[in-house]
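What follows is a set of notes on a single structure, which appears directly below.
The values are calculated or read from the model by the stated rules, or taken from the named source; none is laboratory data. Computed from a predicted model, the values in this text were never measured in an experiment. Please note: Cβ atoms are built from the backbone with ideal geometry, for glycine as well, and neighbour counts cover all protein chains shown.
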Amino acid sequence: MLGVNPYIAFKGNCRQAIEFYKTALGADVLFTQTVGESPMSNMGPATNIMHCTMRVGDSTIMMCDDPRPEAAAGDGNISLAIGLNDPERASQLFGNLADGGSVIMPLEKTYWAEAFGVVTDKFGVKWMVNCDAPK
């Protein structure tokens, strides 16, 4: 199954954004994990948000605190996240998006996914491809 969700990277204030969206939009938090709670605790302050998924009506918004040092410079902070469970399809879509673009993180196995990668397409849109294990 293919799905696309917005993914917002904040400059260290994701926790405040979560609370704001809960109040302002009536959003429900479905999942949250801090950097310190993850196996990637070297990616920044332990209290920063590694990942949060929120439900707003029938939509899902994902977010985190951006761990990149250059994030403070104010570059784009929204990505489109593609979720699927077919590794071959994930590889195909990732390759298609990378054609003429630039790979930020190669598509590879992670502790949370069968395959995950980040690419900026030739139009400057940042995509996160996340493939769960096949079912």
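Might you check whether a residue that is part of a loop (DSSP other than H, G, I, E, B), within 12 Å of the chain's Cα centre (by Cα), touching a residue at least 12 places away in the same chain (Cβ under 8 Å) and within 28 Å of Glu19 (Cα to Cα) occurs anywhere in region 47-66? Checking region 47-66: at least one residue is part of a loop (DSSP other than H, G, I, E, B), within 12 Å of the chain's Cα centre (by Cα), touching a residue at least 12 places away in the same chain (Cβ under 8 Å) and within 28 Å of Glu19 (Cα to Cα). Within region 11-29, residues that are among the basic types (Lys, Arg) sit with their Cβ atoms under 7 Å from residues that are modelled with pLDDT under 85 and surrounded by 13 or more Cβ atoms within 10 Å (Cβ to Cβ), at 6+ positions apart or across chains, in these pairs: Lys11/Ala71.
For the condition closer than 15 Å to Gly3 by Cα, crowded, with 18+ Cβ neighbours inside 10 Å and of a type in the set (Ser, Thr, Tyr), Ser59 does not qualify. Kindly check whether there is at least one residue in region 98-121 that is of a type outside the set (Gly, Ala, Ser), in contact with an Asp or Glu (Cβ under 7 Å, 6 or more places away or on another chain), surrounded by fewer than 17 Cβ atoms within 10 Å (Cβ to Cβ) and not in a loop (DSSP other than H, G, I, E, B). There is no residue in region 98-121 that is of a type outside the set (Gly, Ala, Ser), in contact with an Asp or Glu (Cβ under 7 Å, 6 or more places away or on another chain), surrounded by fewer than 17 Cβ atoms within 10 Å (Cβ to Cβ) and not in a loop (DSSP other than H, G, I, E, B).
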